[in-house]
Amino acid sequence: MTGIEFLASFLRTGRLHGIGIGSALGEVDRAVRHRFVDVADEEGGSLRRDYGFVEFYFNPGDEWVMSGGSIELHRLASGPDMAKEWARTMGVEFPRYVAWEDVRRELARVPGAPELEVSDQGGFLEYRAAASGVSVIVVDDEEEERGYHAGHGDVWSAGLWAPVRAR
């Protein structure tokens, strides 16, 4: 699967490899077979699992439960090996830069594509899909050129922001 197809599906469903807000840590472990670093606060009130350019956030309870997540696509511009490793372990091939227009075109082909609300975030545009709880941040500074970072019109990140939903 291409990274563009993956992002369009994520925008429509709010799920990454079948997991999303409300998924237990064990479900994430079964779905994502990639090396990671766990960062927990000292009081045990939160956990961030960092897979390089993908991060998930968890809240405690009887078990850790996903409360959000993000795909930090801007990291691929300076770390293309991250994309190669993710393709090897997860079967999704991301390009070094992800043009928002490419994602929008793919999203238009996806049945049940959500409506997107756009807002200016000072040098970035935020596209929110309320139906799926996904927010996409796109570089909106015309002077930003591709290099070791994303350029104008490229996706900076995509994240889950919705509250926990009943299963």
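Counting only DSSP H runs of at least 4 residues, each contributing -39500 (n - 2.57), and dividing by the residue count of the chain, the helix-based mean residue ellipticity at 222 nm comes to -7000 deg cm²/dmol. Using Cβ point charges alone (K and R +1, D and E -1), the dipole size of the range 34-167 about the Cα centre works out to roughly 680 debye. Measuring nothing but protein heavy atoms, the accessible surface of the range 19-108 at 1.4 Å probe radius is 46 percent carbon and sulfur. Quotient of the Cα radius of gyration of the range 58-141 and 2.2 N^0.38 Å, N being its number of residues: 1.28. Accessible area per residue for the range 25-167 is 56 Å², calculated with a 1.4 Å probe on protein heavy atoms, without ligands, DNA or RNA.
One chain, two ends: PHE36 and ALA87. Fully extended at 0.36 nm per residue, the span grows by 16.8 nm beyond their Cα-Cα distance. Extension gain for the segment PHE124 to ASP141, taken as residue separation times 0.36 nm less the Cα-Cα distance, is 5.4 nm to one decimal. Can you tell me what share of the DSSP beta bridges in the chain is antiparallel? A percent to the nearest 5 is fine. Rounded to the nearest five, the antiparallel share is 95 percent.
Identify, among VAL110, HIS152, PHE124, the residue whose Cα sits farthest towards the positive end of the charge dipole of the range 105-167, taking +1 on the Cβ of Lys and Arg and -1 on the Cβ of Asp and Glu, with the dipole about the Cα centre. Looking along the dipole axis, the top candidate is VAL110. Largest first, the residues MET66, MET1 sort by 1.4 Å accessible area into MET1, MET66.
Rank these by accessible area, largest first, 1.4 Å probe: ASP81, ASP154.
So, going from the largest accessible area down, we get ASP81, ASP154.
Across the range 11-107, the convex hull enclosing all Cα atoms gives 101 Å³ per residue.
Counting heavy atoms of the protein chains alone, TRP161 has an accessible area of about 90 Å² for a 1.4 Å probe.
Taking the longest Cα principal axis of the chain as reference, the axis of helix 80-90 is set at about 50 degrees.
The values are calculated or read from the model by the stated rules, or taken from the named source; none is laboratory data. Everything quoted here is computed from the prediction, not taken from an experiment. Every residue, glycine as well, gets a Cβ built from its backbone with ideal geometry; the counts of neighbours run over all protein chains shown. These accessible areas exclude ligands, DNA and RNA; they are computed on the full protein's heavy atoms, side chains included. Shrake-Rupley method; radii C 1.70, N 1.55, O 1.52, S 1.80 Å.
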